[in-house]
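Accompanying notes for the structure given below.
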Amino acid sequence: MPDINDAIILSCAPQGGAMATAATEQTGLTRVAVSRRIKKLADAGYLQRHGTGTRPTYSLGDKRFWLRVEPLADIVRRGGEMVVWEQHLAALLADLQPNVKNLAYTAFTEMLNNALDHSNGQQVVMGMHVQGGQLHMLVGDDGEGIFRKIAKAADLFDPRLAILELAKGKYTTAPLGHSGMGIFVSSRMMDGFAIESFGLRFDPNEARAPLPRFDWIDASAQLKPAQAQTVVRMAIALDSTRTGNDVYFKYFESSNVGDAEPGEAFHTTEIPVRLAQLSSELVSRSQAKWVMNRATQFKTVILDFEGVVHVGQAFVDEVFRVFATAHPNVRLKTMGMISEVATLVRLFGGERG
């Protein structure tokens, strides 16, 4: 796989005949070493060779690669996540379908902004790889860890419950500057989306379509000696027909987006119920309360039972009778139930919505 020096070389491709000279200056490699890497990148499809003589020129190939490690403070000083996108990724992804480019822009800048504002880290590693009809992006930081930070802020006894809160949306540890919608929206814009931190993993699509193979960069290796503590991986097909509005109109109240307070227009959430299982099946009222915590912030709550093979009477009663009766304005819907679970829900309390 390419490395940081290869990424620097690729960034010099628009300079045409001066590419090798510029790459030599920026990487510190010898001219011979740069020439060898250019040939290797061209053979692999990252560069396109023009001309057959001794002085060929190059342009970007069908494959794309970008990798960069920067101090977080430097990015803030230079103007934030938009500067990174405009200076590095905009040109590399300019020929993507407009809808895919817009989704990539939204997800990447949201995740980089999260690292800048929330991680309390020193460095960030950022990467992009286009190959095999897929765009992969990565943002990793060496901060305190997203799940640990949420668990501490929300006074949760187990950081695994932080994943459950994160999956619902509308949760942020900095409510004055953030609405808690960035991760929820970005994860729905991508085909694959996962956050890894201290051995825990949030992947909203894992039960149905896990994140595609993503072994082109070891984020922790880039941040040595301070290892990456939070890594966000994102993937989307280059021929995706999804648009940002597809996501916004599904989960937001389009009639009052312009007038609503931040977060108020965000009316629908999907809660992956399996995240409340921790080390046991869904049988207790406590687990039900974990699932329904903050559910009153939404008009519609879709309970996703994908990956759940059993539910108990107390769990079902707490969700579908106690909560539903206490909050009749919250519409409960379900998805992903296997037949056995659906039968138990009807038996113990009846499916609502």
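The values are calculated or read from the model by the stated rules, or taken from the named source; none is laboratory data. Since the model is a prediction, treat every value here as computed from it, not as a measurement. Glycine also receives a Cβ, built like all others from the backbone with ideal geometry; neighbour counts cover every protein chain displayed. Heavy atoms of the whole protein, side chains included, go into the accessibility calculation; ligands, DNA and RNA do not. Shrake-Rupley method; radii C 1.70, N 1.55, O 1.52, S 1.80 Å.
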Task: region 1-100, relative contact order [Cα under 8 Å, separation at least 6], % - done: 26 percent
TODO: Step through the residues of region 34-40 one at a time and calculate ³J(HN,Hα) from phi using the Karplus curve (6.51 cos²θ - 1.76 cosθ + 1.60, θ = phi - 60°), rounding each to whole Hz and writing x for Gly and Pro.
DONE: 5, 4, 5, 5, 4, 4, 5
TODO: Please work out whether region 69-114 counts as rounded, prolate or oblate from its C-alpha gyration tensor, where a ≥ b ≥ c are the square roots of the eigenvalues and a/c under 1.5 means rounded, while otherwise a/b larger than b/c means prolate and anything else oblate?
DONE: prolate
- [ ] Hey, can you grab everything whose amide H is under 5 Å from the amide H of THR334? Only 5+ residues off in sequence or another chain; H modelled, so Pro and N-termini drop out.
- [x] LEU303
Open item on the list: Give me, ordered by chain and number, the residues 5 or more places off PHE252 or on other chains with an amide H under 5 Å from its own placed amide H.
Closed with: HIS267
Open item on the list: If you restrict to DSSP beta bridges whose two residues both lie in the chain, what percentage is antiparallel, to the nearest 5?
Closed with: 75 percent
Open item on the list: Would region 282-337 count as rounded, prolate or oblate if I go by the C-alpha gyration tensor, calling it rounded below 1.5 in a/c and otherwise prolate when a/b exceeds b/c, oblate otherwise?
Closed with: oblate
Task: Global geometry of region 108-149, whether rounded, prolate or oblate, following the gyration tensor of its Cα atoms and the 1.5 cut on a/c - done: prolate
TODO: Just need the relative contact order of region 266-316 here, percent rounded to a whole number, with Cα pairs under 8 Å and 6+ apart.
DONE: 55 percent
TODO: Would you mind telling me the share, in percent, of accessible area of the chain contributed by carbon and sulfur at probe 1.4 angstrom?
DONE: 50 percent
Task: Rounded accessible area per residue of the chain, 1.4 Å, Å² - done: 46 Å²
Open item on the list: From the phi angles alone, apply the Karplus equation (6.51, -1.76, 1.60; θ = phi - 60°) to region 294-301 and give each ³J(HN,Hα) in whole Hz, x where the residue is Gly or Pro.
Closed with: 6, 4, 5, 6, 10, 7, 10, 10
Open item on the list: From Cα pairs below 8 angstrom and at least 6 apart in sequence, can you work out the relative contact order of the chain, rounded to a whole percent?
Closed with: 12 percent
Open item on the list: Students often get this wrong, so try it: which of (1) 1.04; (2) 1.02; (3) 0.96 is Rg/Rh (Cα atoms, Kirkwood Rh) as calculated from the structure shown?
Closed with: (1)
Task: For the chain, size of Cβ-based charge dipole, Lys and Arg +1, Asp and Glu -1, in debye - done: 460 debye
Open item on the list: Which residue, ILE146, ILE163, MET128, has the largest displacement toward the positive end of the dipole of region 94-188 when charges sit on each Cβ (Lys, Arg +1; Asp, Glu -1)?
Closed with: ILE163
Open item on the list: Using each residue's phi in region 229-246, evaluate 6.51 cos²θ - 1.76 cosθ + 1.60 at θ = phi - 60° and report the 3J(HN,Hα) Karplus result to the nearest Hz, with x for Gly and Pro.
Closed with: 9, 9, 10, 10, 10, 9, 8, 8, 6, 5, 9, 4, 9, 5, 10, x, 5, 4
Open item on the list: Taking amide H atoms as placed 1.01 Å from N in the peptide plane, list the residues 5 or more away in sequence, or in a different chain, whose amide H sits under 5 Å from that of GLY61.
Closed with: LEU47, GLN48
